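Bear in mind that the values in this text are calculations on the coordinates, not laboratory data. Since we're looking at a predicted model, the values are computed, not measured. Note that we place each Cβ from the backbone using ideal geometry, even for glycine, and neighbour counts take in every protein chain shown.
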Ligand SMILES: Nc1ncnc2c1ncn2[C@@H]1O[C@H](COP(=O)(O)OP(=O)(O)OP(=O)(O)O)[C@@H](O)[C@H]1O
Ligand SMILES: [Mg+2]
């Protein structure tokens, strides 16, 4: 490979006609353009990152197949089929863990110094976060589509019609998007990708397993059952399950999140967005480079 | 340095910048009243030992960090009041390459162009121009991950030029480049400056400052301790230096005392202890005197001569440290 920088390259010179940045376009247009540019960059990065692809593509398939085939025969669901019951749980788990990527990748970007380049550009700094969470939403959507396919293969059927099915998918993605912002803020604050990952697993594993994701909460021992019935993950799973028509005939536990899961998830997501979007943006602006 | 007319307008100005980093391990005063001024279409080099505050100064000027106090302006725009405005007219390349490892060289450049709001088509064209200019064509289409340090560096530098900025900040731009690429980059910079770009750079290579910079500021402990053209700085440390290399190390003490008496500054010796040098006022006659005296004393010499001071001498004299010296932990509290 030659490294011929010997001759002055004409293109590196400033030309007389410097582009007048932003002149023809307003703030809103550049904000969208910046957000889209960073999203594009993040999507390229995700696509070229085999670890992420394994996590987002193979892991959901594995979960669907393993859980339905291994436990399918031994876990009984009142008035329903375990595979049908299970799918909402796996969806919930996957989008929850998928959102942690926002924190992990945000921390990684801050560590690698690319953010320093962004900070010297005349871009909207919130675009860095918008681009992050958008890309992770796309990743979660891809995971969803794959899981739906895998679910169909192992025999999963939704039974309340297409509109409610789509509403369920939309609800899961809404939650994942809102939760991405929480994780992104964590990424800015913690700044060590591995720590984020480990901390997220330490919190999210118990949260998903002590919920109604894989078994009916009534099967759990006393205190865990109470926890499960108030667990936000249970609400998410219950909401999806209801919308898919996969609840079975067991009575719904008598707690607010279980009785009104869709409302709980929509309101919860709205609150997360209202609180964590401004927090993350402000924190990002304030946090100095390395 | 080619003579060129120097405009009076200062494109980069810093006045009494102060910045203290606070962390669990204590406080570090990185900038302690640093001031500088760079006229339009000139190059200013910041020289200084590790930890002197060069990077911090550059980061304040390119809007990456805010100072605790002081004023700064770039192209007439107040850096602290209107950082967004400043970002439109600067290009910056930091001490560590800030490129996306997962994107190709071309994609990196395109992304930066789009974030300058050039529009997608123009951003793509500009990326192509820079790929050609920096001869990255065979590497432009592979993710940066697989690149050598020097290639990364060049993509980073190319990123700084996407917007053809009138003001350029380069923090150690040639660190990690092979000699050929380094000289190539010097040409690129000289060319940009000829066309009106103003450059503030830091460097560990005194030769680079000598060759590129119209003005040099020597920075130590967070402030400028000397400034001027390379020649002015050299004149400041003395006209000539007399250099001796002894055959016997045992003669070092005697030779040192002779040099100390006839020279004007501190006598320095190299690692072997057999090569000594000192600044002198009247070069040739002092050299003659030293040689006669040593000859009378029976001291044998490998080599003796006179040389003009280099920027290394300036550096050592002003900062009392080797440029390459590492760890700089003593900080005035
Ligand atoms: N983010 C930070 N937090 C704490 N201390 C810092 C930080 N950045 C720099 N420092 C300290 O501030 C001082 C000045 O650092 P700076 O990076 O500006 O030096 P420099 O002149 O660029 O050095 P070098 O030649 O090694 O690049 C050093 O003592 C350094 O340890
Ligand atoms: Mg530095």
Cα convex hull of the stretch A:81-134 - mean projected area over all directions, nm²: 4.3
Radius of gyration and Dmax over the Cα atoms of chain A, both given in Å: 22.3, 79
Tell me the relative contact order for the stretch B:10-228 as a rounded percent, counting alpha carbon contacts under 8 Å between residues six or more apart. 31
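With an 8 Å Cα cut-off and a minimum separation of 6 or more residues, compute the relative contact order for the stretch B:75-192 in percent.
36
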Compare B:305, B:222, B:51 in a GNM of chain B, Cα atoms joined below 10 Å, and give the one with the largest fluctuation. B:305
Using only Cα atoms, tell me the angle between helix B:179-194 and the longest principal axis of chain B; keep it within 0 to 90° and round to the nearest 10. 70
So what's the stretch B:10-228 giving for Cα Rg divided by 2.2 N^0.38 Å, two decimals? 1.00
With angles folded into 0 to 90 degrees, how steeply does helix B:252-262 sit against the dominant principal axis of chain B? Use alpha carbons for both and round to 10. 80
Spatial extent of the stretch A:182-290: Rg and Dmax, with the Cα atoms as the point set, Å: 16.9, 55
Length gained, residue B:302-residue B:121, 0.36 nm per residue minus C-alpha separation, equals 58.6 nm
Helix A:232-244 sits at what angle to the longest principal axis of chain A, using alpha carbons and giving 0 to 90 degrees rounded to 10? 70
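Per DSSP helix of 4 or more residues, -39500 (n - 2.57); summed, then divided by the residues of chain A. What does that give at 222 nm, rounded to the nearest 500? It would help to have the intermediate numbers written out before the result.
Numbers: 12 runs with 196 residues, N = 290.
About -22500 deg cm²/dmol.
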Taking each residue in B:150-162, count the Cβ atoms of any other chain within 10 Å of its Cβ, then average. What number comes out? 2
Any chance you could run the full-extension gain for residue B:194 through residue B:281? It's 0.36 nm times the residue separation minus the Cα-Cα distance, nm to one decimal. 27.6 nm
Which residue, B:302, B:240, B:117, has the most motion in a Gaussian network model of chain B that connects Cα atoms within less than 10 Å? B:302
Between rounded, prolate and oblate, where does the stretch B:79-131 land on the alpha carbon gyration tensor, with a ≥ b ≥ c its root eigenvalues, rounded for a/c under 1.5, else prolate if a/b exceeds b/c? oblate
Once you compute Rg and the Kirkwood Rh from C-alpha atoms, what is the Rg to Rh ratio for the stretch B:238-332? 1.02
If one puts a single equal scatterer on every Cα of the stretch B:201-241 and applies the Debye formula without solvent, what log₁₀ I(q)/I(0) results at q = 0.15 Å⁻¹? -0.36
Value of Rg to Rh for the stretch A:18-155 (Rh from inverse mean 1/r over Cα pairs, i.e. Kirkwood): 1.15
From the Cα gyration tensor of the stretch B:1-119, with a ≥ b ≥ c the square roots of its eigenvalues, which class applies: rounded if a/c is under 1.5, or else prolate if a/b is larger than b/c, or else oblate? oblate
Expected max-MSF residue from B:140, B:289, B:184 in the GNM of chain B (alpha carbon, under 10 Å) is B:289
What nm distance separates the two modelled labels at residue A:111 and residue A:267, each placed 7 Å from Cα along Cα→Cβ? 3.9
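Any idea what the relative contact order of chain A is, in percent, if you count C-alpha pairs under 8 Å spaced at least 6 apart?
Result for chain A is 26 percent.
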Hydrodynamic calc, the protein assembly as shown: Kirkwood Rh from Cα pairs, then Stokes-Einstein at 37 °C with viscosity 0.692 mPa s, so D in µm² s⁻¹ is 116
Three-way shape call for the stretch A:145-240 based on the alpha-carbon gyration tensor, with the a/c threshold at 1.5: oblate
Average beta carbon contacts from partner chains per residue of B:74-87, 10 Å cutoff: 1
Partner chain coverage, peptide A:122-135 - average Cβ within 10 angstrom: 2
